[in-house]
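Inspection log for the structure reproduced underneath, given as structure tokens.
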Amino acid sequence: SKGTYDNYMLKEIDEQPAVLRRISEHYYHNEQASISSQLLTALQQADRLYIVAAGTSYHAGLVGKQLFEDLADVPVEVQLASEFGHHLPKLSAKPFFVFLSQSGETADSRQVLDKVRQLDCPTLTVTNVANSTLAREADFALPLCAGPEIAVASTKAYVAQIAVQAVIAQSLGIQKGLNAAKKIDIDNQLSLAANAIQTIVDQKDYLKQLTHDYFYNQIAAFFIGRGNGYATALEAALKLKEVSYIHAEGFAAGELKHGTIALIEEQTPVVAFVLEKSTAAHTRSNVKEVLSRGAHALIISKKDLSNANDQIVLADIDERLMPLVAIVPAQLFAYYAAVEHGNDVDQPRNLAKSVTVE
Ligand code: F6R
């Protein structure tokens, strides 16, 4: 039930620290994560992972790609189910398919699963609904442990998808004996991320005010970032669009100047995710470019950057896990903008919780 909440979306945003703790409890018993050796062996035999998903789950896959490539040294392609199903690319010699789906019922993803099973490719579904179609029909299934997600806009399932991919990627890396995997303690990082998210959800009055200052009565908004900040920007834009109905775009920060910067006007909101050290200076110079065209710019980063006007500073956890935390202020922007515009936050227009048509 909603308990003391007016709607499910805010309740589910607030549950995210608990979801990360539940994932830790489910997957970590001693030191090692409890991923079956059959699954790890199948993953280890693959020369490439294909992550297939739609919408928010696709954005989680983009974050997962970096985790698998860094921690398990395996090349990854992330594909939109609706495209992939109709235009199967040339596959690698030993592909392994990972389906990310909150509901486990998304028709676009089911269609791809049917196709790749006919090709005899090994498959894993990572889902929040244990007995769902995608879970039943794949060779392997792992739970997200997010608890029922009722609001149409996915929040806690997104965070859970990133966390569970981190668990799998690190387990695979350890199975392969890789240092990158041995050097990171995912269990501990999930606990740090839970605390960092708690700090954000405890600042609701500030985030509500920022939402008003940046988004009220705006018709367009931009989210920019590089690397996993870019993936975060895509997800932040989707959240804002679907519940507040403000037109939003997620952009690779360096790509704005190749055309889209023409849309920046006086007071256009631009939110920049600065999550990686290696590109921080570049993204900050992109922020300067939009500021000089009149944008109203806000930086979400893990470091206090003096001289930036508005800033949300996140707790400093492993860079590769920063998307777990960085999305949360943007979820709250979407939520408060929707409430301020009088929208039905849990049931946005034109949308259903699970999309069972292609
Ligand atoms: C956005 C949203 C959708 C879903 C997408 C895939 O908030 O909820 O974009 O992420 O329809 O759904 P699942 O994960 O159930 O396959």
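The values are calculated or read from the model by the stated rules, or taken from the named source; none is laboratory data. Fair warning: this is a prediction, and the values are worked out from it, not measured in the lab. For neighbour counting, all protein chains shown are included, and Cβ atoms are generated from backbone atoms with ideal geometry for every residue, glycine included.
Every test in (1) within 14 Å of the ligand (Cβ to nearest atom); (2) over 20 Å from Val167 (Cβ atoms); (3) small (Gly, Ala, Ser) is passed by Ala93 save one, and that test is (1). Reported count of residues in region 334-347, each being within 14 Å of the ligand (Cβ to nearest atom) and crowded, with 20+ Cβ neighbours inside 10 Å, is 5.
Taking only region 115-130 into account, find how many residues are more than 11 Å from the ligand (Cβ to nearest atom) and touching a residue at least 12 places away in the same chain (Cβ under 8 Å). Give the derivation first.
Here is the first cut: in region 115-130, the ones more than 11 Å from the ligand (Cβ to nearest atom) are 115-124, 130.
If we keep only those that are touching a residue at least 12 places away in the same chain (Cβ under 8 Å) too, we end up with 115-117, 119, 121-124, 130.
Matching residues across region 115-130 total 9.
Looking at Ser103, Ser34, which is the one that is out of contact with any strand residue (DSSP E or B) (no Cβ under 6 Å at 6 or more places or on another chain), crowded, with 20+ Cβ neighbours inside 10 Å, over 24 Å from Ala196 (Cα atoms) and of a type in the set (Ser, Thr, Tyr)?
On the way: Ser34 fails: crowded, with 20+ Cβ neighbours inside 10 Å.
After ruling out the rest, the residue left standing is Ser103.
Within region 257-284, which residues are loosely packed, with under 12 Cβ neighbours inside 10 Å and either in contact (Cβ under 8 Å) with a residue 60 or more places away in the chain or small (Gly, Ala, Ser) (or both)? Of everything in region 257-284, those that are loosely packed, with under 12 Cβ neighbours inside 10 Å and either in contact (Cβ under 8 Å) with a residue 60 or more places away in the chain or small (Gly, Ala, Ser) (or both) turn out to be Gly259, Ala262, Ser278, Ala281.
Can you find, within region 178-229, the residue that is surrounded by the most Cβ atoms within 10 Å (Cβ to Cβ) among those that are of a type in the set (Lys, Arg) and not in a helix (DSSP H, G or I)? Only one residue fits best here, namely Arg226.
How many of the residues making up region 17-66 are of a type in the set (Asp, Glu) and farther than 26 Å from Ala231 by Cα? Don't jump to the end; show me each part of the working.
Start the filter on region 17-66 by keeping residues that are of a type in the set (Asp, Glu), which leaves 25, 31, 47.
Of the ones still in play, those that are also farther than 26 Å from Ala231 by Cα are 25, 31.
Result for region 17-66: 2.
Screening Pro143, Pro122 for residues that are surrounded by fewer than 22 Cβ atoms within 10 Å (Cβ to Cβ), touching a His at 6+ places or on another chain (Cβ under 8 Å) and modelled with pLDDT of 95 or more leaves exactly one candidate, Pro143.
Working only within region 248-267, note down all residues that are in contact with a Gly (Cβ under 9 Å, 6 or more places away or on another chain) and in a helix (DSSP H, G or I). Spell out how you get there, then give the answer.
Going through region 248-267, the residues in contact with a Gly (Cβ under 9 Å, 6 or more places away or on another chain) turn out to be 250-253, 264-267.
Hit for region 248-267 is Ala253, nothing else.
One line per residue, one yes/no per condition, for (1) of a type in the set (A, V, I, L, M, F, W, C); (2) crowded, with 22+ Cβ neighbours inside 10 Å; (3) farther than 29 Å from Asp346 by Cα:
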| residue | (1), (2), (3) |
| --- | --- |
| Glu77 | no, no, yes |
| Leu91 | yes, no, yes |
| Phe99 | yes, yes, no |
| Gln111 | no, no, no |
| Arg136 | no, no, no |
| Glu149 | no, yes, no |
| Lys156 | no, yes, no |
| Gln170 | no, yes, yes |
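Just checking, does region 230-247 include any residue being part of a helix (DSSP H, G or I), farther than 21 Å from Lys65 by Cα, at pLDDT below 95 and more than 14 Å from the chain's Cα centre (by Cα)? No, the conditions are met nowhere in region 230-247.
For region 27-60, taking the residues that are of a type in the set (Phe, Trp, Tyr) and over 19 Å from the mean Cα position of the chain (by Cα), the one that is farthest from Ser109 (Cα to Cα) is identified as Tyr28. Take Gln170 and tell me if it is under 23 Å from Asp47 (Cα atoms) and away from the ligand (no atom under 15 Å from the Cβ). Here the answer is yes, as Gln170 does meet what is asked. Of the residues Tyr5, Tyr27, the single one that is of a type in the set (Ser, Thr, Tyr) and farther than 18 Å from Val167 by Cβ is Tyr5.
Got a sec? Which of Val152, Val63 is away from the ligand (no atom under 11 Å from the Cβ), within 21 Å of Gln16 (Cα to Cα), under 16 Å from the mean Cα position of the chain (by Cα) and among the β-branched types (Val, Ile, Thr)? I'd like the intermediate steps shown before the answer.
Numbers: Val152 fails: away from the ligand (no atom under 11 Å from the Cβ).
After ruling out the rest, the residue left standing is Val63.
Out of Cys121, Cys145, one residue alone is on the phi > 0 side of the Ramachandran plot and among the hydrophobic types (A, V, I, L, M, F, W, C). It is Cys145.
Glu83 passes every criterion in (1) touching a residue at least 24 places away in the same chain (Cβ under 8 Å); (2) within 16 Å of the ligand (Cβ to nearest atom); (3) charged (D, E, K, R) apart from (1). Every listed requirement among (1) touching a residue at least 60 places away in the same chain (Cβ under 8 Å); (2) closer than 19 Å to Ala60 by Cα; (3) touching a Gly at 6+ places or on another chain (Cβ under 8 Å) is met by Gln111 save one, (2). In a residue-by-residue description of region 329-348, the property of being within 15 Å of the chain's Cα centre (by Cα) and of a type in the set (Val, Ile, Thr) applies to no position. In this structure, Asn217 does satisfy being at pLDDT below 95 and out of contact with any Gly (no Cβ under 6 Å at 6 or more places or on another chain).
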